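First up is the structure itself, then whatever we jot down about it.
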Amino acid sequence: MANNWIDRNPFSNYKAKVIEVERVYLSEEEIENIINKNFKTERLSLVRDIFLFSFFTGMAYIDVKNLTKSHTSLGIDGEKWIFTHRQKTKTASKIPILPITQMIIDKYEDHPESNNQNRLLPILSNQKMNAYLKEIAEVCKIEKELTFHIARHTFATTVTLTN
């Protein structure tokens, strides 16, 4: 129109539809239930730990999966940090390693899956993680459909509500 290439706005009658999505997140009590639960199987303990790692770092599944030991180092403050790039956006991420995330890293430091694949943590496929998270939800009496991505939403909600 401005350059006389077209004589009318082709989008003048177009109205964008906004679909609101309600994000599912866990309450503080639900997170505490997951943290404090003693699972009878190693696989559920592993999945719980990786889920909590994601919750306490705010990292997406693929970014946790791609972490190697080389992504961790001391920051200029003398504390341990994760330095990486998000796979989805290629955005640089600098994430402090909290005591609970350090405990998880230490717990799996010598795990065969971590060592064989040069990974920081022994992470299962997203499909298996989500299947086992459904079991965890059942055992912990959480009535939400627990998925790995909920860890990230819970992190974002927790940070937003506490700031």
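Considering each of 42, 29 in turn, give the residue that is loosely packed, with under 13 Cβ neighbours inside 10 Å, under 18 Å from residue 130 (Cα atoms) and out of contact with any strand residue (DSSP E or B) (no Cβ under 7 Å at 6 or more places or on another chain).
Details: 29 fails: under 18 Å from residue 130 (Cα atoms).
Matching residue, one of 42, 29: 42.
Scan region 1-27 for residues that are charged (D, E, K, R) and without any contact (Cβ under 8 Å) to a residue 12 or more places away in the chain and jot them down. Spell out how you get there, then give the answer.
So the first thing to find is which residues in region 1-27 are charged (D, E, K, R), and the list is 7-8, 15, 17, 20, 22-23.
Selection gives 7, 8, 15, 17, 20, 22.
Looking at 85, 111, can you tell me which residue is more than 15 Å from the chain's Cα centre (by Cα) and farther than 28 Å from residue 145 by Cα? First the steps, then the outcome.
Values: 85 fails: more than 15 Å from the chain's Cα centre (by Cα).
Answer to the selection: 111.
Return yes or no: is residue 86 among the basic types (Lys, Arg), at negative phi and in contact (Cβ under 8 Å) with a residue 60 or more places away in the chain?
Values: among the basic types (Lys, Arg): yes; at negative phi: yes; in contact (Cβ under 8 Å) with a residue 60 or more places away in the chain: no.
The answer is no for residue 86.
For residue 122, only one of the following conditions fails: (1) under 16 Å from residue 37 (Cβ atoms); (2) at pLDDT 95 or above. What is its number?
(1)
Which pairs turn up if I take residues in region 91-118 that are touching a residue at least 24 places away in the same chain (Cβ under 8 Å) and of a type in the set (Phe, Trp, Tyr) and look for partners that are surrounded by 13 or more Cβ atoms within 10 Å (Cβ to Cβ) and assigned to a helix (DSSP H, G or I) with beta carbon separation below 7 Å, at least 6 apart in sequence or on another chain?
Going by the 7 Å Cβ cut-off, the qualifying pairs are 108/114.
The values are calculated or read from the model by the stated rules, or taken from the named source; none is laboratory data. Here the structure is a predicted model, which means the values were calculated and not measured. Heads up, the Cβs are rebuilt from the backbone with ideal geometry, glycines too, and the neighbour counts pull from every protein chain shown.
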